[in-house]
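Engineer: Take a look at the following structure, please.
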Amino acid sequence: MSATEPNIPSHPDELLEAFALDALEDDEYLQVEQHLDSCARCRGYVAQLHQTTSGLGLFLDQAMPPVALGLRIRQALAAPVETGPNPPSTGVSARRRFTTPQLAMPLAAVLMLSLFSLSLFMNIQATGRMDQMERTSSTVTAQMDQMERAGSTVTAQLGQAMAETKRLEEDKEALTAQLAAAASTDVSQMMDTIQDIQAASYLLALPETRPLVLKPPGGAGESHGVLLVGDQGNRAFLMISDMAQPPPRRPYQVWLVRDGRRMWAGQVAVDSTGWGSLALQTPEPVSQFEWVNLTMTEDSGSGGRTETMVLRSRIEPSPEGR
């Protein structure tokens, strides 16, 4: 190894996976590429990574994404994008880009654009709410000034003006507290969304991740879901869209089924748009089960409760037998 490559060991094993996914910075990418020119061992490993990632789409059913998600994608693509000047040419050959089969890339695009649309909607909603509260606070302040001027000129109404001023001050403090609480809530929701994006992106970047498409029983309905399974099947991330609102305080339940017996895996709530997500940590690999089901509990006419199957997907055994 030459003195111009201080960050690259004899075999940069910790960088090869990111190199195969085209996730390195330019300097790291060039250094690894130069190493591969003279190392047959690392070239073989990178070729194996490319072969593994290219087979991800074989585990997916050929299904079209929901119409509503297609509309979200078109709206996001219609937004103007600022571009900077083209970087100067370095004379290095163009990178080899990581590609996935025909279905895996649309699923990834739908996932990322849907989460981006959700985050953008929450940000716009929070900004509008904060502007409205600021306008209300400004109105209250103007009323306080008017009452104070009236109190200085009309002695007989001084007591009433002072009482009204005190009430307005309390209203202003309450509005300020509401504004701070609303901002804190919106920031918390945005942080949760960012964490969901990071979890989904992490699983999508793993070569062993297998997406499972959840559909309504019988194929009827607009509701859909995707379960990303990674880390040898013990970690998964569930996303559902176009879901109906469940009864109050009764979110959707997630089940893993094997030999007619089911294991509870968690519960997921949805927002006003029908979107919901859930990170799963299962004691057994997901591939050890036969089905993943999503159910909803409703009140029956006799005072009891009924459980309805909403979405489901059959789990095919992984090629590695995990």
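The values are calculated or read from the model by the stated rules, or taken from the named source; none is laboratory data. This structure is a prediction, so every number in the text was calculated from the model and none was measured. Every residue, glycine among them, receives a Cβ derived from its backbone with ideal geometry; neighbour counts consider all protein chains shown.
Engineer: Output the residue which, of all residues in region 274-285 that are without any contact (Cβ under 8 Å) to a residue 60 or more places away in the chain and either under 15 Å from residue 227 (Cα atoms) or not assigned by TED's automatic domain parsing to the domain that holds residue 308 (or both), is surrounded by the fewest Cβ atoms within 10 Å (Cβ to Cβ).
Structural biologist: Going through the qualifying residues, I end up with 281.
Engineer: Among the numbered conditions (1) in contact with a Lys or Arg (Cβ under 6 Å, 6 or more places away or on another chain); (2) within 30 Å of residue 51 (Cβ to Cβ); (3) modelled with pLDDT under 90, tell me where residue 297 comes up short.
Structural biologist: So residue 297 meets the others, but not (2).
Engineer: Filter region 233-273 down to residues that are buried (at least 16 other Cβ atoms within 10 Å of the Cβ) and touching a residue at least 60 places away in the same chain (Cβ under 8 Å) and give me whichever is farthest from the chain's Cα centre (by Cα).
Structural biologist: Checking each candidate, the answer is 233.
Engineer: Just give me the residues in region 281-305 being hydroxyl-bearing (Ser, Thr, Tyr) and touching a Pro at 6+ places or on another chain (Cβ under 8 Å), in sequence order.
Structural biologist: Hits for region 281-305 are 287, 297.
Engineer: Let me ask another. Applying the selection to region 294-304, what residues are loosely packed, with under 14 Cβ neighbours inside 10 Å and either within 20 Å of residue 243 (Cα to Cα) or aliphatic (A, V, I, L, M) (or both)?
Structural biologist: Of everything in region 294-304, those that are loosely packed, with under 14 Cβ neighbours inside 10 Å and either within 20 Å of residue 243 (Cα to Cα) or aliphatic (A, V, I, L, M) (or both) turn out to be 298, 299.
Engineer: May I pose another question? With respect to residue 239, determine if the residue is assigned to a loop (DSSP other than H, G, I, E, B), over 30 Å from residue 135 (Cβ atoms) and modelled with pLDDT of 80 or more.
Structural biologist: Against the criterion (assigned to a loop (DSSP other than H, G, I, E, B), over 30 Å from residue 135 (Cβ atoms) and modelled with pLDDT of 80 or more), residue 239 does not qualify.
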